[in-house]
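To start, the structure itself, in structure tokens.
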Amino acid sequence: MSAHGWHADPSEILRVADGFRLSDVDPDGTPGYRGGKQHGVKDLAARVHELDELQERLWAGSRAGDRQDAVLLVLQAMDSAGKGGIVRHVVGGVDPQGVELAAFKSPTEEELAHDFLWRIERRLPAPGYIGVFDRSHYEDVLIGKVRSFAEPDEIERRYGAINDFEQRVVASGTRIVKVMLHISPEEQKERLMERLERPDKHWKYNPGDVDERMLWPRYMAAYQTALERTSTDAAPWYVVPANHKWYARLAVQELLLGVLQDIDPRWPEADFDVEAEKRRLAAS
């Protein structure tokens with residue numbers, strides 16, 4: 001039982017395992033958490049310092065050459081599910097010098113001339129960093145499948161290529177946290193309507209989002225297949241109900257904390273005589 005609002009480990013209850021069905025996940029749920037929004041907001045703020053310190057230790061260790069660990073947070077979701085809020089309210093609580101953010105858009109001509117993983121590998125976080133992928137290589141088996149941007153045989157190849165790629169990344173010292181923010185079509189409609197009703201949100205609205213909404217069942221089927229085929233021991237998927245923004249942020253924070261606590265980065269030891277330096281400084 002957590003000292004905070006968690007009564008179950010998110011890394012266990014949100015993990016995609018054998019027999020997982022996306023249709024069984026309630027986007028309006030708050031699995032594993034005993035409190036409501038007010039409690040959740042307080043818990044999120046209370047854990048920011050811990051996340052920040054763990055990230056700073058990770059950074060310090062890599063700068064000293066002691067450790068080669070990194071963390072990669074992969075965020076996938078339908079539009080307006082809250083990826084930006086995760087970046088601002090969770091990852092934004094740590095020192096930005098130790099964060100690398102990549103927001104993958106439609107591939108350029110140069111990127112299309114290479115294998116789909118080429119542009120992804122170039123943006124992997126360096127040791128000591130928390131990398132964040134706002135969308136990722138999974139677009140190539142999601143919209144790529146729904147919109148038939150690739151042949152079925154190529155889509156099938158990509159599942160195996162992704163698993164092999166992620167296995168290599170993890171073996172190199174990077175922990176991967178893959179999160180699908182699961183929003184309902186009704187909640188998405190409300191959020192998109194809010195963007196239209198508020199002039200300060202018009203810049204966030206994309207008319208193409210309505211076109212994608214019309215394909216919701218096909219996207220959910222594509223997600224189901226991707227989750228089944230690419231949730232591995234090395235890089236498992238976590239499906240986070242996202243109708244409540246506060247819960248989604250809290251759950252992702254807890255998943256990141258769990259990974260960093262498992263890495264257990266330590267402050268590097270001084271490679272000089274601390275007491276002698278104190279004396280030199282005092283006499284200067």
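The values are calculated or read from the model by the stated rules, or taken from the named source; none is laboratory data. Note that the structure is a prediction, hence the values are computed from the model and not measured. Here Cβ is always computed from backbone atoms with ideal geometry, including for glycine, and neighbour counts include all displayed protein chains. Side chains are part of the model used for accessible areas, which takes the heavy atoms of the whole protein and leaves out ligands, DNA and RNA. Shrake-Rupley method; radii C 1.70, N 1.55, O 1.52, S 1.80 Å.
At a glance:
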| item | result |
| --- | --- |
| Hz values of 3J(HN,Hα) by residue in the stretch 27-35 - Karplus curve (6.51, -1.76, 1.60), Gly and Pro given as x | x, 8, x, 9, x, x, 10, 8, x |
| Percentage relative contact order, the stretch 69-228, counting C-alpha pairs under 8 Å, at least six apart | 36 percent |
| Accessible-area composition of the chain, carbon plus sulfur, in percent [1.4 Å probe] | 50 percent |
| Nearest-ten-degree value, helix 37-63 long axis tilted from longest Cα axis of the chain | 60 degrees |
| Sites E228 and I13, calculated FRET efficiency, Cβ-Cβ separation with R0 30 Å, nearest 0.05 | 0.95 |
| Stretch in the chain that is longest and holds no trypsin sites (Lys or Arg not before Pro) that DSSP places in a loop and that have at most 14 other beta carbons within 10 Å | 148-265 |
| Built amide H within the under 5 Å cut-off of D9, gap 5+ | none |
| Accessible surface, per residue, of the stretch 128-284 when the full set of protein chains is kept, probe 1.4 Å, Å² | 51 Å² |
| 222 nm mean residue ellipticity, helices alone, for the chain (DSSP H n ≥ 4; -39,500 (n - 2.57); rounded to 500) | -14000 deg cm²/dmol |
| Simple label model, 7 Å out from Cα along Cβ direction - A64 to D95, nm | 1.3 nm |
| GluC sites (Glu not before Pro) within the stretch 201-270, DSSP loop, no more than 13 other Cβ atoms inside 10 Å | E269 |
| Distant alpha-carbon pairs in the stretch 164-284 (separation over 20 angstrom), percent | 65 percent |
| Percent RCO, i.e. relative contact order, over the chain, from Cα pairs under 8 Å lying at least 6 residues apart | 32 percent |
| All lysines inside 18 Å of K245 as judged from Cα atoms, apart from same-chain residues fewer than 8 positions distant | K37, K42, K83, K178, K189, K201, K204 |
| Distance between modelled label sites at D26 and D211, nm, 7 Å Cα→Cβ extension | 3.6 nm |
| The stretch 14-163, relative contact order in percent, only Cα pairs under 8 angstrom and at least six apart counted | 27 percent |
